[in-house]
Amino acid sequence: MKNKFRLFLTCALLILNTALFANKVIVKGYVQDSNKNAIANKKVSIYTDSLSCSIARTVTTNPNGYYIDSFECSKAITKLKITVENCNGTVLINDPLVPISNIVESNFIVCITQTPPPPTPTTCKAVFAYTLSGYTVKVNSTETNAPVGDSVISRVWNFGDSSAIITGNRVDPSHLYSKAGTYTTCLEIKTKNGCASSYCLSFTIKDTSVLVSANACNVNLSFNAERISLKTVRFNSSLSNAIGDTIIQRIWHFGDNTVLDGNQISPLKEFPMQGVYTTCLQVKTKGGCVAEICKTVRVQDSIALPVAAVDFVSIVSINPNPVATRMYVTLTSRNNNTVCELNIVDIYGMVKSSIKKTLLQGNNIIEIPTELLYQGPYFFTVSTQNSKDAKIFYKL
C-alpha cells in the first residue's frame, strides 16, 4: 500500500512539475542597426497569444543591445508577438512560434540606411524643326538629344488642335490641320534613365483665300454630293481644273472631324450619323496654288420630320472628350430653324463661354473652341425656350 502511494505521489509531482515549467517561455534577442551596432535603451514589447493568460510586457535593451524576459502561464504558450519601433516611426513585428526548448530568440535590425536612388538626369533636351505645306505641318526631332549612355524612349506630340495626341517614339510625324489658324505644337520626351524635357513652337496656317490671291491661282473648284444610302455620300470633283496647271493634291474635310488626304477625285464617305455637315475640298496644284471650296451636305431623310409643339434639342455626342483646344458637339433638333444657346459652365456654375446658334432639323455638328479654358471638368449645355440638355467634358 505504501509503495502504491509513493508511486502516485511521484507521478503527481511529475505532472505538477510539467505544468509549472512546460509553460515558462524565455524571450531574448539583440537590437542592432544596419551596421551591426548595438542599439541601447530600445523598448521591446512582448505579447503572449493565450486569451486565458494574456500578458503584455515591455523590456529595454542593455548597452549591448541585448534584452531578455520570461513568461509563465497556466496554459501552453505557443506563439508570441514581439515589436520594436523603427527610426522612421513604423513598427517592426516578429511573431515566432514557441519551440520545444521554450526559448525564443528574436532579433531586430532597425534604422536601416537605404542607398538613395541616383539623381534623375536633367541634361536631355527636346527640340524639333518644322516645315509647312498648305494645311500640313511636318515636324522633325532628330536634333533631340539625351545624355551619354542614355537614350530617348518616348516622344509625345501635341499639335494644338482637337486631334489625338501622338504617343510612342515617332521622330518625324506629319499632321494635317482642318482649317487656318495659329497653332502651338509641343514635344515631350523621356529617356531610359528618367530624364524629361519639353519644347513648343507656334506657327500660323494661312487662310487658303490669301494663298489663292498671293499665287494668282486660276483654279475652278466644284464638287457635288450624291447620297446613295442612309448615311453614305458619293462626292465627285471631276469638274475641278486648273487652267495652265495641274491639280496634284485633293484634301477632303468632311465636317465630322475626319480628313481624307491624297488626290481622290470621287471619294465615298460614310458619315457616323444623319445630320448636316460642312464639307470642304482643298486642292494644291503643281505650280504651288492652293484653293478651297466648302458646301453644306445634308445627310438626312428628304421628308422633313413633322414640326413639334416643343422646340426639343439634345446633345448626341462630344468629340473628343477629353478635349485640348477644340471640340465638335453633335446636337439634334426636332424642328427646323431652332434658336438655341450653347454654354460652357464650370463645376461652380460659372458660365465661361456662351454663343447662340440656329439649328436645322436633325443632327447638327458645331465646333466649340476650348483653348482658353483651364484644365478640369466642365458642363456643355444647350437650351431653347422650352428644353435644355447638358453633358460633362474634361479639358486637358
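Remarks
- Rounded to 5, the percent of DSSP beta bridges in the chain classed as antiparallel: 95
- Only lysine pairs 8 or more places apart or on separate chains count here, and in region 218-299 those with Cα atoms under 19 Å apart total 4.
- Per DSSP, loop GluC sites (Glu not before Pro) in region 67-143 with at most 12 further Cβ within 10 Å: Glu143
- Structure remark: mean-square fluctuation, Gaussian network model of the chain, C-alpha springs under 10 Å; the largest value among Tyr130, Tyr378, Tyr30 belongs to Tyr30.
- Mean projection area, nm², convex hull over Cα of region 313-395: 4.7
- Calculated log₁₀ intensity ratio I(q)/I(0) where the Debye formula runs over C-alpha points of the chain, q = 0.09, 0.15 Å⁻¹: -0.75, -1.32
- For region 218-299, size of Cβ-based charge dipole, Lys and Arg +1, Asp and Glu -1, in debye: 140
- Pairs exceeding a 24 Å alpha-carbon distance, out of Lys206/Lys391; Lys36/Lys79; Lys179/Lys357: Lys206/Lys391; Lys36/Lys79.
- C-alpha long axis of helix 2-21 to longest principal axis of the chain, angle in °: 40
- Karplus-derived 3J(HN,Hα) values for region 370-385, using 6.51 cos²θ - 1.76 cosθ + 1.60 with θ = phi - 60°, are 9, 5, 8, 7, 6, 5, x, x, 9, 10, 9, 10, 10, 9, 10, 5 Hz; glycine and proline are entered as x.
- For region 122-189, a simple Cβ point-charge model (Lys and Arg +1, Asp and Glu -1, everything else neutral) yields a dipole of about 140 debye relative to the Cα centre.
- In the elastic network of the chain, a GNM with C-alpha springs shorter than 10 Å, the most mobile of Val25, Val137, Val152 is Val25.
- Helix content alone sets the calculated 222 nm mean residue ellipticity of the chain: runs of n ≥ 4 DSSP H residues at -39500 (n - 2.57) each, divided across all residues, give -2000 deg cm²/dmol.
- Of the residues Ile100, Pro63, Leu80, the one whose Cα sits farthest towards the positive end of the charge dipole of region 24-100 is Ile100 (charges of +1 on Lys and Arg Cβ, -1 on Asp and Glu Cβ, taken about the Cα centre).
- Region 218-249-region 341-374 distance, computed between alpha-carbon centres (Å): 33
- Placed amide H near Ser317: partners under 5 Å, 5+ positions off or other chain: Thr330
- Alpha-carbon centroid distance for the pair region 66-86 / region 126-146, whole angstrom: 69
- Rounded to the nearest 20, the Cβ-based charge dipole of the chain about its Cα centre (Lys and Arg +1, Asp and Glu -1) stands at 1220 debye.
Every read-out reported here was derived from the displayed coordinates using simple, explicitly stated rules and does not represent laboratory data. Given the structure is predicted, the values throughout are model-derived calculations rather than measurements. Virtual Cβ from ideal backbone geometry, glycine too; neighbours counted across all protein chains shown.
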